Every structure is written in structure tokens, then in C-alpha cells.
Amino acid sequence: MDHIIGQAAPGQPAAAANIIIDGDQKTFMQDVIEASRSVPVLVDFWATWCQPCKQLTPTLEKVVKAAGGRVKMVKIDIDQNQGLVRQLTQLGLPMQSVPTVAAFWQGQIADLFQGAQPESEVKRFVEALLKNAGGSMPAADLLAEAKAALEQGDPQQAGELFSALLAEEPENGDAWGGLIRALIALGDEEQAEHALSEVPEKLAEHAEVSGARSALALAREGRAAKDQLQSLQARLAADPADHQARYDLATALNAMNERDQAAEALLEIIRRARAWNEDAARLQLLKFFEAWGFDDPATSAARRRLSALLFS
């Protein structure tokens, strides 16, 4: 369940009285988003009628207490906070069933799981979160170097580093996702597809693997859309209400790595006709978010603007 390596170590342990609290939609920003900037926060979404929740919550509390203040837990009753649940669902957090446990770090979702889990799995989840937040997990330097190479436009070097890490840790979801993204950046979609087929089944829904899968699908869509770029721009100039042209233009812009412009095109469709084509613009934007990653600046900026549109 490894995900994002934080850029700074967690702050001082939380006060004992505040390690496990009940939260609601009014205090969510303070208790979860802001608090996670200094200490990782687990959010336990539960319901009184949910039997698995009654099994999981005590286990979560036990593991969180054992962490000695290095992680905080906020419990949220979904029936009493339906507005918050709707907002989080609109932003792409899967809230279709409970229990759902989301881990937040540095104001972003770092990992999540659904359904009751044994104590051993909960411990592994929390340990991975703490290692990521502290940047002390095994092979962290190699992973950081690989990610930096990819961000700096050297996918060849990044791919070699991700491959080296996978030789040491074949079940490292971050490395699998990074390798697939490096192959996409090299224009080798066939090898990217092959790498995706080699991902261990247990990592199929890992956040980095899911994001790479979306990035691969968008790369294919974007290749076709880029060939029509001038045609799409001409269609929009002639008719600004041509939502399909704007949608296709967003896909092309994303393929060109013009993320802010791609997001703006989809947000413009939502402004003009929110329900167009069965909410296609919002769903495509969520797909962009998954492909870009939770911690990408373009994701954060576009998610804030999406929130403003949906909840205004």
C-alpha cells in the first residue's frame, strides 16, 4: 500500500487526547486537511448500521494508539455528514461503501482501503504511511532519484532506476507506476502495456498503478486528438458551445502536457453545461487527476476550481 513519499518528516506527536477524535463536515478542513500537514491522518468513514465498521474501528483505534502519536485518527459518520460525503465523491474519493479508510498527508490523500481488514493488514497500512511521511522506507533514495529524473524530463534514466528498484522490491507499487509512466514518456506504449500486465495482482488498484493505467489510456486518446488540434480549435472558434470539440481539445492538450489548459477546457464545459453527455467533462477531469497524481500542482489547482463550481 505504499504511495507518496512525503517531502518532510512528520511533526511532533499529537497530544494523547487528540489522537482519536470524532469529526464532521464543519471541522473536516481543520481536523483532517490542515492537521495532515504536520502528522498523517487516518479518516474512518463509518455508519451505525455497518457491521464490518464495528469490527474495523476498534482495530484502527488499537493500531493508532500503538503508534504513539505519530498518526491521528478522525472518525466520520457518513449518515450524519452526507454533504461532506457528496463533496468527497464528486472529487473522486470512492465512498460507495463503508468502511472506507483514507490516509491524508500534507493535505492530500496518500492511500486508502475499503472493507474490514485484520489487524496485521491495518498495521502494514499504517507503517507504510509513516515510512512514506518520514521518507525512511527502504530504497527511498532510489525511488526519489527515479521520480526526479522523470520530472526533469529524463525518462530513459528514470526507467532504468525504476527497473533497478523493482529488482530489489518487485512489489513496490510506486516503482511499477513510475516505470509505466517512463515508458509512456519514451513513446513506447507497447512496452508500457506489457509492464502494466506484469504488475502483481495485489497492486492492481495501487494509486500509482491506477494513475499510470489512466495515463496510458489518455496517451492513446490524446494521440488521435492531437492530429485534429487545428480542426478542434476552428470548431470552437466557430461555435463556443461545441462541447465535444472542447472535450476533445482537452484530451489533446493533456497529451501535449498542457495540464492547466486541459483542465480549464473541461472546467469550461462544466460551467456551461454541467450535465453534458452524462457528466463526461467532470469524469474526464477526474481521470486526469488520477493520471497526474494527487500531489501534482495541476491536480490541486483544478480540484479547487472544480470544488468551487460544484458547491457554489
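General remarks:
- Cα-only radius of gyration and Dmax that characterise the chain, units Å: 20.3, 63
- Between 47, 200, 114, the Cα set farthest toward the positive side of the dipole of the chain (charges on each charged residue's Cβ, about the Cα centre) is that of 47.
- Share antiparallel - DSSP beta bridges, the chain, percent rounded to 5: 55 percent
- Angle of helix 243-255 to the longest C-alpha principal axis of the chain, folded into 0 to 90 degrees and rounded to 10: 70°.
- Sequence-ordered 3J(HN,Hα) estimates for segment 67-78 from the Karplus curve with 6.51, -1.76 and 1.60 and θ = phi - 60° stand at 6, x, x, 7, 9, 10, 10, 10, 9, 10, 7, 5 Hz, glycine and proline given as x.
- Degrees, to the nearest 10: 51-66 long Cα axis against longest axis of the chain: 70 degrees
- Tensor-based shape of segment 223-270 (alpha-carbon gyration tensor, a/c under 1.5 rounded, otherwise prolate or oblate): oblate
- Distance in nm between pseudo-label sites at residue 301 and residue 275 (7 Å out along the Cβ direction from Cα): 3.2 nm
- Dividing the summed helix terms, -39500 (n - 2.57) for each DSSP H run of n ≥ 4, by the number of residues in the chain produces a 222 nm estimate of -18500 deg cm²/dmol to the nearest 500.
- Cα-based shape type of segment 213-312, given that a ≥ b ≥ c are square roots of the gyration tensor eigenvalues and the cut on a/c is 1.5: oblate
- Proximal charge balance of residue 197 [Cβ under 12 Å; K/R count +1, D/E count -1]: -3
- Most mobile listed residue (134, 187, 211) in the chain, GNM with C-alpha springs under 10 Å: 187
- Cα convex hull volume per residue for segment 196-261 (Å³): 94 Å³
- For the chain: accessible area per residue (Å², 1.4 Å): 48 Å²
- Remark: segment 49-196 is approximated by an ellipsoid whose semi-axes, taken from the C-alpha gyration tensor as √(5λ), come to 34, 19, 14 Å, largest first.
- With Cα atoms, 0 to 90° folded angle of helix 173-185 axis to the chain main axis: 10 degrees
The values are calculated or read from the model by the stated rules, or taken from the named source; none is laboratory data. Predicted model only: the values in this text are computed from it and were never measured. Every residue, glycine among them, receives a Cβ derived from its backbone with ideal geometry; neighbour counts consider all protein chains shown. Surface areas here come from the heavy atoms of the whole protein model, side chains and all, with no ligands, DNA or RNA. Shrake-Rupley method; radii C 1.70, N 1.55, O 1.52, S 1.80 Å.
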